[in-house]
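Q: Before we start, here is the structure in question, set down as structure tokens.
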Amino acid sequence: MNFLEGVRIALGAIRANVLRSFLTLLGIIIGITAIISVIAIINGLNLYVAENLSNFGPGVYVISKFGIINNHEKFLEALRRNRDLKISDARAIAQSCDLAEHVACEVHSTQDLKRGSEQVQEVDIGGIDPTIVDIEPYEVDQGRNLSDDENSRAARVCFIGQDIVDNLFGTVDPIGKSMRIRNQEFEVVGTAKKKGSVFGFSRDNFVKIPINTFCKMFGSQRSVNISIKAVPGVPLEDSMDEARVVLRSRHHLRYGDEDDFGIVSAEGVNELWRNLTQTIFLVAIFVVGISLVVGGIVIMNIMLVSVIERTREIGVRKAIGARNRDIQLQFLVESVTLSCVGGAIGVTSAFTLTWLMRTFTPLPANFPLWAPLLAFGMCAVIGVFFGVHPARKAARLNPIEALRSE
């Protein structure tokens with residue numbers, strides 16, 4: 001008895017009883033489809049977050065009032081403890097930190113825009129240092145970015161996203177045209193290249209104005225975000241530590257006190273996301289694992305039925321010289337083959353489902369090439385584990401009694 005012969009016998013049994021085999025493998029098919037689909041979704045989301053949400057650029061980090069907070073209790077604690085960051089904090093970092101190549105700040109508000117009879121509601125208005133273009137990508141589609149001169153004289157000019165271009169200006173060239181923010185006229189000096197959406201939320205619904213203009217309109221009491229680009233070749237952690245020392249000194253924090261601000265980097269965002277998706281994956285594995293266990297039990301049941309149905313065949317094999325281990329190997333191979341056929345169908349279903357999700361939904365599912373190896377490895381383990389008992393039962397049959405079986 002060799003492995004290929006066992007596979008051939010197993011495939012022949014599947015072809016002879018297609019419906020029974022399908023029903024037997026249904027639990028395995030559902031389990032493998034679900035596991036691989038979850039892996040594809042998480043893998044796609046991880047890539048998407050790395051490329052879009054946490055793509056700060058090399059050597060870039062952001063200091064904000066809260067930073068990364070992953071539970072409600074920590075948020076309430078930070079809300080009570082953390083101080084607002086001011087433009088003066090950013091200026092102090094720029095003057096005192098030798099490891100910071102560029103420092104700029106940004107502050108946000110949500111306002112409605114008007115132009116004639118047209119109106120766009122709940123637009124992100126960002127007051128920025130024009131030098132932020134040296135840190136974060138503000139790619140220009142038409143016109144130009146904001147200038148330092150416009151910031152120093154608090155000019156009423158703006159740089160807008162594509163949603164504002166489409167919804168407020170339509171087919172009209174927006175450069176040089178004006179729109180109203182809080183009933184004040186702003187001249188459009190540039191438009192940004194389209195960024196698209198993240199999980200259904202547009203990244204093009206924004207207006208950038210000089211930060212001095214923002215403070216003049218909305219006041220200077222809001223907390224700012226400080227974007228910093230480290231000197232090339234310097235470890236990011238060293239630059240972050242230097243900026244942290246400056247802020248702690250300005251905020252008069254003692255040695256044992258916690259920071260009253262947060263530092264966000266691409267690695268921090270990615271680590272938070274990985275922890276979240278790891279938890280989701282473990283929960284999904286536990287839930288879907290139930291389906292695989294049920295599928296394995298069904299395979300064991302059908303293999304026990306097969307032993308009874310093929311008792312005479314087993315007796316003939318033993319009569320012509322088959323050893324117990326040959327019979328046991330035959331049924332183990334059949335069990336593994338049966339399980340792997342279910343896995344193959346599950347992988348095909350998962351690949352199709354992943355393509356449909358990626359094509360017709362916002363989910364950025366990405367089918368990993370190692371997924372089929374994982375699926376077949378799991379199926380082989382299930383086949384062996386749940387095939388051992390039927391295989392041993394077949395191997396222990398008395399050949400005389402087996403030959404008498406009808």
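Q: Tell me the angle of helix 324-360 to the major Cα principal axis of the chain, expressed in degrees between 0 and 90 and rounded to the nearest ten.
A: Rounded to the nearest ten degrees, it is 30.
Q: Turning to a different aspect of this structure: Using the reciprocal of the averaged 1/r over all distinct C-alpha pairs, how large is the Kirkwood radius of the chain in Å?
A: 26.4
Q: Taking only Cα atoms and a 10 Å spring cutoff, compute GNM fluctuations for the chain and point out the largest among 138, 48, 255.
A: 255
Q: Do the sum for the chain: with -39,500 (n - 2.57) for every DSSP H run of n ≥ 4, divided by all residues, what is the mean residue ellipticity at 222 nm, to the nearest 500 deg cm²/dmol?
A: Using -39500 (n - 2.57) per qualifying helix, the result is -18000 deg cm²/dmol.
Q: Using a 1.4 Å probe on the protein heavy atoms only, what accessible surface does residue 252 show? Give it in Å² to the nearest 10.
A: 150
Q: With a 1.4 Å probe and every protein chain kept in, tell me what percent of the accessible surface of the chain is carbon plus sulfur.
A: Roughly 57 percent of what the probe reaches on the chain is carbon or sulfur.
Q: Roughly how tilted is helix 72-81, in degrees to the nearest 10 and between 0 and 90, from the longest Cα axis of the chain?
A: 20
Q: Quick one: helix 3-16 against the long Cα principal axis of the chain, what's the angle to the nearest 10°, folded into 0 to 90?
A: Approximately 90 degrees, to the nearest 10.
Q: Of 124, 257, 134, which has the largest mean-square fluctuation in a 10 Å C-alpha GNM of the chain?
A: With Cα springs under 10 Å in the chain, the top fluctuation among 124, 257, 134 is at 257.
Q: In whole Hz, what ³J(HN,Hα) sequence does the stretch 124-130 give by Karplus (6.51, -1.76, 1.60; θ = phi - 60°), x for Gly and Pro?
A: 3J(HN,Hα) across the stretch 124-130, in whole Hz: 6, 9, x, x, 10, 6, x.
Q: Going 7 Å from the Cα of residue 134 toward and past its Cβ, which residues in the stretch 141-180 have a backbone nitrogen under 19 Å from where you end up?
A: From the stretch 141-180, the list is 145-153.
Q: How much solvent-accessible surface does residue 89 expose, in Å² to the nearest 10, with a 1.4 Å probe and all protein chains in place?
A: 10
Q: Out of all DSSP beta bridges in the stretch 83-260, what portion is antiparallel? Express it as a percent rounded to 5.
A: Of all bridge pairs located within the stretch 83-260, approximately 75 percent are antiparallel.
Q: While we're looking at this one, here's another question. Suppose accessible area is computed on protein heavy atoms with a 1.4 Å probe; arrange 169, 385 from highest to lowest.
A: Largest to smallest exposure gives the sequence 385, 169.
Q: Can you compute the charge dipole magnitude of the chain about its Cα centre, using +1 on each Lys and Arg Cβ and -1 on each Asp and Glu Cβ, nothing else charged? Give it in debye, rounded to the nearest 20.
A: 1880
Q: Turning to a different aspect of this structure: What number comes out for accessible area per residue over the chain if the probe is 1.4 Å? Units Å², please.
A: Heavy-atom accessible area per residue stands at 52 Å².
Q: Expressed in nm to one decimal, what extension gain is obtained for the pair residue 96 and residue 286 from 0.36 nm per residue of sequence separation less their Cα-Cα distance?
A: Between residue 96 and residue 286, full extension yields an extra 63.2 nm.
Q: With every protein chain left in place, what is the accessible area of residue 389 in Å² (1.4 Å probe, nearest 10)?
A: Approximately 100 Å² of residue 389 is accessible to the 1.4 Å probe.
Q: Take the cross-link list 114/208; 86/195; 74/193; 65/194; 65/229 and give me the ones stretching past 27 Å between alpha-carbons.
A: The pairs that break the limit, which is 27 Å between Cα atoms, are 86/195; 74/193; 65/194.
Q: Could you tell me which of 256, 42, 96 has its Cα farthest along the dipole of the chain towards the positive end, charges placed at Cβ (Lys, Arg +1; Asp, Glu -1), taken about the Cα centre?
A: Farthest towards the positive pole: 42.
Q: Would you look at the GNM of the chain, springs on alpha carbons closer than 10 Å, and say which of 33, 311, 352 moves the most?
A: Highest fluctuation of the listed residues: 311.
Q: Any idea how far the Cα center of the stretch 8-23 sits from the one of the stretch 225-292, in Å?
A: Between the Cα centre of the stretch 8-23 and that of the stretch 225-292, the gap is 53 Å.
The values are calculated or read from the model by the stated rules, or taken from the named source; none is laboratory data. It should be emphasised that the depicted structure is a prediction, and the values quoted were computed from it without experimental measurement. Note that we place each Cβ from the backbone using ideal geometry, even for glycine, and neighbour counts take in every protein chain shown. In case anyone asks, the SASA skips ligands and DNA or RNA and just uses the protein heavy atoms, side chains included. Shrake-Rupley method; radii C 1.70, N 1.55, O 1.52, S 1.80 Å.
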